[in-house]
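The values are calculated or read from the model by the stated rules, or taken from the named source; none is laboratory data. Small disclaimer: the values here were computed from a predicted structure and weren't measured. For neighbour counting, all protein chains shown are included, and Cβ atoms are generated from backbone atoms with ideal geometry for every residue, glycine included. Quick note on the areas: whole protein, heavy atoms, side chains included, nothing else; ligands and nucleic acids left out. Shrake-Rupley method; radii C 1.70, N 1.55, O 1.52, S 1.80 Å.
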Amino acid sequence: MRRLALALLLVLTAAAQTAGARAEQAALSAPPSLPSATVTQREGQDATVLRIDGVLTPEVAAKLDTAIARLPAGRPLLLELDSPGGYTNAGYAMIDRVMAEREAGRRVATAVRAGETCESMCVALYMAGAQRFAAPSSTFMVHAPGAWPPAR
């Protein structure tokens with residue numbers, strides 16, 4: 001009876017470890033859910049200002065794409081950024097859209113205001129502006145790009 005109980009305990013322990021490893025792998029296979037940035041628009045005297053506050057996600061890329069598509073042809077664009085970065089695919093989609101607008105003749109500038117940050121993928125988006133402005137008290141952070149799931 002003792003041997004049977006011990007064998008059962010070993011089987012249950014191994015099953016629990018396997019389930020734990022599977023749960024850990026499943027958690028690593030999906031990127032964490034991050035809250036999307038807000039995208040706001042205001043009309044300046046000389047340009048439309050699109051402002052992004054927060055994490056760059058696929059939803060933000062879609063919002064930016066829609067907002068740019070609605071702009072009158074040739075209207076200059078100022079893209080204000082205050083972001084900790086976000087998903088690389090979303091950032092690359094936004095960069096592609098900005099570059100396409102520039103190639104089509106739209107003047108596009110990027111800016112980071114005083115006391116605000118542009119980190120990680122945001123820096124790449126900032127660099128897509130033909131003209132780039134940053135306040136002396138703005139903060140930038142650059143690091144090597146990463147993939148999901150992270151390498152072990």
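Any residue at all in the range 84-97 that's of a type in the set (D, E, K, R) and at pLDDT below 95? No: zero hits.
Residue-wise test of (1) crowded, with 16+ Cβ neighbours inside 10 Å; (2) not in a loop (DSSP other than H, G, I, E, B).
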{"site": "Leu71", "(1), (2)": "yes, no"}
{"site": "Leu78", "(1), (2)": "yes, yes"}
{"site": "Asn89", "(1), (2)": "no, yes"}
{"site": "Arg102", "(1), (2)": "no, yes"}
{"site": "Gly115", "(1), (2)": "no, no"}
{"site": "Ser137", "(1), (2)": "no, no"}
{"site": "Phe140", "(1), (2)": "no, yes"}
{"site": "Ala144", "(1), (2)": "no, no"}
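In this structure, is Ala62 among the aliphatic types (A, V, I, L, M), touching a helix residue (DSSP H, G or I) at 6+ places or on another chain (Cβ under 9 Å) and outside any strand (DSSP E or B)? Spelling it out, Ala62 is indeed among the aliphatic types (A, V, I, L, M), touching a helix residue (DSSP H, G or I) at 6+ places or on another chain (Cβ under 9 Å) and outside any strand (DSSP E or B).
Yes/no per residue for (1) at pLDDT below 95; (2) open to solvent by 60 Å² or more (accessible area, probe 1.4 Å); (3) of a type in the set (Asp, Glu); (4) within 16 Å of the chain's Cα centre (by Cα):
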{"position": "Thr18", "(1), (2), (3), (4)": "yes, yes, no, no"}
{"position": "Gln25", "(1), (2), (3), (4)": "yes, yes, no, no"}
{"position": "Ala30", "(1), (2), (3), (4)": "yes, no, no, yes"}
{"position": "Ser33", "(1), (2), (3), (4)": "yes, yes, no, yes"}
{"position": "Ser36", "(1), (2), (3), (4)": "yes, no, no, yes"}
{"position": "Ala47", "(1), (2), (3), (4)": "no, no, no, no"}
{"position": "Gly54", "(1), (2), (3), (4)": "no, no, no, yes"}
{"position": "Gly74", "(1), (2), (3), (4)": "yes, no, no, no"}
{"position": "Asp82", "(1), (2), (3), (4)": "no, no, yes, yes"}
